[in-house]
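Colleague: Got a structure for you, written out below as structure tokens; questions coming shortly.
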Amino acid sequence: MPQLVTCPCQHCNGKLEFDPATLSEENKKITCPHCSLDTILFVPPPTDAKLETILSPPPPPPKVNIGKLAKLAPIQGVWTWKVEKKLDDWADLFIGIGILGLIGGVVAAFAVGSDSLFWLFVASGIGIVVNAGVAYALLKGVAELIRLHKKQAGLPVSGYFIFECSECKTKLTGPREECPRCGLRLQK
């Protein structure tokens, strides 16, 4: 049984198998059965698997930012609209208005001197303070819910982002070892 060798076609790189013992100058030019173009048969040099491994270039490194560092840059004022603080301020304003309304109602009741109007002004003052108390409780509750959600999301309650990745500009709320967006190791 003849020992067959394989060489590639010079045009399509298709594998051509033949017996090297029968190869001569007259029959080395053939028509490729894959692409139908004329090609030349040749006996490829023997390959040593170890030599091929040593001489072959190393595979390209994966496209991961291994070893590359990004800096954590402290920043401020990126997120300055602090809703919870504004809600606290409005709640304090409403409770102040309610207390002033109660005082005004009692003073007006005593100034009128009439029994029927007296209780009307007192009731108005109490109504103002009750409404202000409800508004105060709602506003303070919403402000506290915002603080709670910020803490759960890992956002600073103060309203400011603390750090920024120098490579991808991702905002980070504290020092971390790796940027969650670009995967770079971070250094302070």
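The values are calculated or read from the model by the stated rules, or taken from the named source; none is laboratory data. The model shown is predicted, which means the values in this text are computed figures rather than measured ones. Counting neighbours? That spans all protein chains shown, and the Cβs are built from the backbone with ideal geometry, glycine included.
Colleague: Between 66, 95, 54, 75, which is at pLDDT 80 or above and either of a type in the set (A, V, I, L, M) or not assigned by TED's automatic domain parsing to the domain that holds residue 119 (or both)? It would help to see each step written out before you state the result.
Modeller: On the way: 66 fails: at pLDDT 80 or above; 54 fails: at pLDDT 80 or above; 75 fails: at pLDDT 80 or above.
Only one candidate passes the filter, namely 95.
Colleague: In the range 170-184, how many are at pLDDT 75 or above and either part of a strand (DSSP E or B) or exposed (fewer than 12 other Cβ atoms within 10 Å of the Cβ) (or both)?
Modeller: Within the range 170-184, residues that are at pLDDT 75 or above and either part of a strand (DSSP E or B) or exposed (fewer than 12 other Cβ atoms within 10 Å of the Cβ) (or both) number 2.
Colleague: Counting just the residues of the range 129-169 that are assigned to a loop (DSSP other than H, G, I, E, B) and at pLDDT 75 or above, which one comes out farthest from residue 87 (Cα to Cα)?
Modeller: In the first step, residues of the range 129-169 are kept if they are assigned to a loop (DSSP other than H, G, I, E, B); the result is 154-162, 166-169.
Next, only the ones that are at pLDDT 75 or above stay: 166-169.
Numbers: 166: 34, 167: 36, 168: 34, 169: 31 Å.
Checking each candidate, the answer is 167.
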